[in-house]
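Enquirer: Have a look at this one.
The values are calculated or read from the model by the stated rules, or taken from the named source; none is laboratory data. As the structure is a prediction and not an experimental result, all values here were calculated from the model. Cβ: placed from backbone, ideal geometry, glycine included. Neighbour counts: every protein chain shown. SASA here: full protein model, heavy atoms, side chains in, ligands and nucleic acids out. Shrake-Rupley method; radii C 1.70, N 1.55, O 1.52, S 1.80 Å.
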Amino acid sequence: VQLQASGGGLVQAGGSLRLSCAASGRTFSIYTMAWFRQAPGKEREFAAAISSSGGSTDYADSVKGRFTISRDNTKNTVYLQMNSLKPEDTAVYYCAANYGSRLYRGTGPYDYWGQGTLVTVSS
């Protein structure tokens, strides 16, 4: 699976962005997908995950209620809708794929990673 993330940019605090991650290669619909983020000088952290069918989701406490993960298996794409953005959301956002049914918050189980897209939230 090859993953291509896009949609990052510069936005003011309180604004919104939608990230996309397009997958190619093997059957997209069998993979659990997730978004992670990495701020400058910090470790990569979990943001959100979605099951292969889209029926289950999980969110980090820091984004719950503001971010929504979704997927369109007909387009081989996973999305991250980010609302009410805060300066602390500034990071490079990575999409990741796991060949399995569980939603993991750690980076280890994810087999494939996109190249990252930068989100900058100004105050």
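Enquirer: Determine which lysines satisfy two conditions relative to K64: a Cα distance under 17 Å, and not lying fewer than 8 residues away in the same chain.
Expert: K86
Enquirer: With each pseudo-label sitting 7 Å past Cα toward Cβ, what's the Q115-N73 distance in nm, one decimal?
Expert: Between Q115 and N73, the simple spin-label model gives 2.9 nm.
Enquirer: Would you kindly state how much longer the chain becomes between K86 and Q2 on full extension, computed as 0.36 nm times their sequence separation minus their alpha carbon distance, in nm to one decimal? Kindly include the intermediate steps, with their values, before the conclusion.
Expert: Numbers: separation 84, 0.36 × 84 = 30.24 nm, distance 2.98 nm.
Full-extension gain reported as 27.3 nm.
Enquirer: Moving on. Cα atoms only: what Rg and Dmax, in Å, come out for segment 1-46?
Expert: In order Rg, Dmax, the Cα atoms of segment 1-46 give 13.4, 38 Å.
Enquirer: With a 1.4 Å probe and every protein chain kept in, tell me what percent of the accessible surface of the chain is carbon plus sulfur.
Expert: On the way: 2740 of 6100 Å².
Of all accessible area on the chain, carbon and sulfur atoms account for 45 percent.
Enquirer: Going 7 Å from the Cα of S101 in the Cα-to-Cβ direction, what parts of segment 57-88 have a backbone nitrogen less than 15 Å from that spot?
Expert: 57
Enquirer: Sticking with this structure for a sec: Quick one, what does Rg over Rh come out to for the chain if you take C-alpha atoms and the Kirkwood Rh? Working shown, then result.
Expert: Details: Rg = 13.2 Å, Rh = 14.1 Å.
Value, to two decimals: 0.94.
Enquirer: Which order, highest average first, do 69-82, 106-119 follow once you tally other Cβ atoms within 10 Å for each residue and take the mean per peptide?
Expert: Details: 69-82: 18.8, 106-119: 16.1.
Per-residue mean Cβ counts within 10 Å order the peptides as 69-82, 106-119.
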